[in-house]
Structures are given as structure tokens and as C-alpha cells.
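Working notes, structure below.
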Amino acid sequence: MSTLKVLDGEDFSSWKCAACGEKLVPKPIELGYLESRFKVELPSCPVCGLVLIPEDLALGKMAEVESLLEDK
């Protein structure tokens with residue numbers, strides 16, 4: 001399974017984890033919806049694993065993919 005890069009060069013290096021205070025780093029994350037799985041690179045905390053899904057991604061591309069999968 002290849003890793004999708006969905007954040008198009010956006011810089012999240014100044015973001016910190018709300019729980020740990022660590023800087024977020026890009027990391028391959030496995031997402032699942034219905035019976036489909038995707039590996040996506042997202043900013044995440046290297047200590048606790050908290051993942052940031054930016055609002056524009058959640059309401060944009062992710063919502064489109066969910067709709068496509070539900071229509072199958």
C-alpha cells in the first residue's frame with residue numbers, strides 16, 4: 001500500500017501537540033472507512049501519536065472520498 005500525500009506542501013512544523021507539547025511531524029497513518037483502507041501522510045505527535053487532520057482536508061477531500069465509497 002503506497003502512502004498518499006494529501007497536504008500539498010502545507011507546513012505544520014510550528015504546530016505542537018495539545019497533550020504533549022511536542023512538535024508535530026509528518027507520518028504515514030492508516031485510515032479506514034467502510035471496508036477501504038488508505039495510508040496517508042499526516043502531521044502527528046512523535047510521543048503520543050495524536051494525529052492532526054486539518055479542517056479543509058476533512059471537509060474537502062476526505063468528505064469526497066467518503067461520498068464516493070458510500071455510492072458504490
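Points worth noting:
- Top-ranked residue of the range 29-45 - restricted to ones that are out of contact with any Leu (no Cβ under 8 Å at 6 or more places or on another chain) and not aliphatic (A, V, I, L, M), ranked as most open to solvent (accessible area, probe 1.4 Å): Glu35
- Applying the set (1) modelled with pLDDT of 90 or more; (2) of a type outside the set (Gly, Ala, Ser); (3) loosely packed, with under 12 Cβ neighbours inside 10 Å to Leu52 leaves exactly one unmet item: (3).
- Residue satisfying all of: in the range 1-27; modelled with pLDDT under 85 and among the charged types (D, E, K, R); nearest to the chain's Cα centre (by Cα) among these: Lys5
- Residue within the range 51-67 that is assigned to a strand (DSSP E or B) and not basic (Lys, Arg) present: yes
- Selection of first residues in the range 18-45 that are farther than 19 Å from Leu69 by Cα and of second residues that are open to solvent by 70 Å² or more (accessible area, probe 1.4 Å) and of a type in the set (Lys, Arg), restricted to Cβ pairs under 7 Å at least 6 apart or on distinct chains, gives the following pairs, ordered by first then second residue: Glu22/Lys16; Lys23/Lys16; Leu24/Lys16; Glu41/Lys5; Glu41/Lys27; Leu42/Lys27; Ser44/Lys27.
The values are calculated or read from the model by the stated rules, or taken from the named source; none is laboratory data. Because the structure is a prediction, the values reported are computed rather than measured. Virtual Cβ from ideal backbone geometry, glycine too; neighbours counted across all protein chains shown. Protein only, heavy atoms only, side chains kept; ligands, DNA and RNA dropped before computing areas. Shrake-Rupley method; radii C 1.70, N 1.55, O 1.52, S 1.80 Å.
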